Amino acid sequence: MCDSWTKRFPAYMGEDPYLFFCFSDADAARVRPLIERMAARGTRVWYSLGKPRGLDERRVRESRMSGAALVVAYLSAAAREDTDFKNAGLYCRDRGLPILCIDADGDVSALSFGFTEGVQHISRRVYRKASALEEALVRCEGFSQELIGEGRRVPPPYVKIAAVLAVVSVLALALVLLGGRAFGRIAPTAEQNDTVRIEDAALRAAVRTAVGGGAITEENIEGVEALRLKELPTDGEELALLSSLTRVEIPQELAPDALWLLDEGYTVVLYGGSVK
């Protein structure tokens, strides 16, 4: 799961002003929604995952850290036990870089990471959803429009797919019309009657099951309070279409990649082992 979004939203390697998002590898799934939103806004974000492979890569990372216009440190219980995270944070502190802390877990103190009391803080308990957290971040001192590139908005995958689907829909409609003339009227499928488009196939299937197997409409998705997924959606923003959703059920083996669901405010329930 991590590989998919890091390929969609790769770390910025250019020379324009950028933000260094410092987080523990263990929190990758938790920070994913925020990185997606920042990338969609056009914010230049550099980050690193895994240990550096050799001295050259370490020097590249140090150079990228030193060149950041703003450092956003994701403070969590996992980060507190992560030596690499602490070293990166102290490296930035010692070079006088502006640092903004996101307090992901309430009992974690910035002082335990070596940051002074003067650093800015955003509480994840106050801004639980990624959308609210992003808006709080861009309003903080140190975050400037210089960090946002012109024309660097990254569309979610369904935007690119939409053009293909539009062509397929036209062809499908033509076949239906031709088939109807030759063989009589063909009843539309439930998907053809959908008035709410959900691009993620796994999420769409789960929602269709939740609404009783029929068409997905604005009216019936309002009543969906619980959703049983077989796979995690590749685009978490589509969950926002379900305004009443509070409970998400997922297979047990997907738990390590689903922490972002908790950060989005959903109750996560694990079931079974593997899904056939």
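Some notes on this structure:
- Taken as a whole, the structure places Glu36 among residues that are of a type outside the set (Ser, Thr, Tyr) and under 26 Å from Ala240 (Cα atoms).
Yes/no per residue for (1) under 19 Å from Ile148 (Cα atoms); (2) in contact with a strand residue (DSSP E or B) (Cβ under 9 Å, 6 or more places away or on another chain); (3) assigned to a strand (DSSP E or B):
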{"site": "Phe21", "(1), (2), (3)": "yes, yes, yes"}
{"site": "Pro33", "(1), (2), (3)": "yes, no, no"}
{"site": "Arg37", "(1), (2), (3)": "yes, yes, no"}
{"site": "Lys51", "(1), (2), (3)": "no, no, no"}
{"site": "Glu57", "(1), (2), (3)": "no, no, no"}
{"site": "Ser63", "(1), (2), (3)": "no, no, no"}
{"site": "Ala68", "(1), (2), (3)": "yes, yes, no"}
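- Just one residue in the set Ser63, Ser112 is open to solvent by 30 Å² or more (accessible area, probe 1.4 Å) and at pLDDT below 90; that residue is Ser112.
- Among the candidates Leu177, Leu254, Leu242, residue that is open to solvent by 70 Å² or more (accessible area, probe 1.4 Å) and at pLDDT below 90: Leu177
- Among residues of the range 198-220, those that are closer than 25 Å to Asp257 by Cα and in contact (Cβ under 8 Å) with a residue 12 or more places away in the chain, counted: 12
- Filtered by the rule that a residue be assigned to a loop (DSSP other than H, G, I, E, B), of a type outside the set (D, E, K, R) and modelled with pLDDT of 85 or more, the range 184-228 gives Thr195, Val196, Ile198, Val211, Gly212, Gly213, Gly214, Ala215, Ile216, Thr217, Gly223, Val224.
- Taking the criterion of being farther than 23 Å from Ala39 by Cβ and of a type in the set (A, V, I, L, M, F, W, C), the residues of the range 200-241 that qualify are Ala205, Ala206, Val207, Ala210, Val211, Ala215, Ile216, Ile221, Val224, Ala226, Leu227, Leu229.
- Leu254 meets all of the listed conditions (1) under 24 Å from Tyr127 (Cα atoms); (2) within 18 Å of the chain's Cα centre (by Cα) but one, namely (1).
- Qualifying residue in the range 208-226 (condition: within 20 Å of the chain's Cα centre (by Cα) and not charged (D, E, K, R)): no
- Residues satisfying the stated conditions in the range 66-80, i.e. without any contact (Cβ under 8 Å) to a residue 40 or more places away in the chain and open to solvent by 30 Å² or more (accessible area, probe 1.4 Å): Ser66, Ala77, Arg80
- Ala130 surrounded by fewer than 14 Cβ atoms within 10 Å (Cβ to Cβ) and modelled with pLDDT under 90: no
- Odd one out for Trp5, checked against (1) open to solvent by 10 Å² or more (accessible area, probe 1.4 Å); (2) within 14 Å of the chain's Cα centre (by Cα): (1)
The values are calculated or read from the model by the stated rules, or taken from the named source; none is laboratory data. Being a predicted model, the structure only gives us computed values, none of them experimental. Using ideal geometry, Cβ is built from the backbone for each residue, glycine included, and neighbour counts are taken over all protein chains shown. With ligands, DNA and RNA removed, areas are computed over all heavy atoms of the protein, side chains included. Shrake-Rupley method; radii C 1.70, N 1.55, O 1.52, S 1.80 Å.
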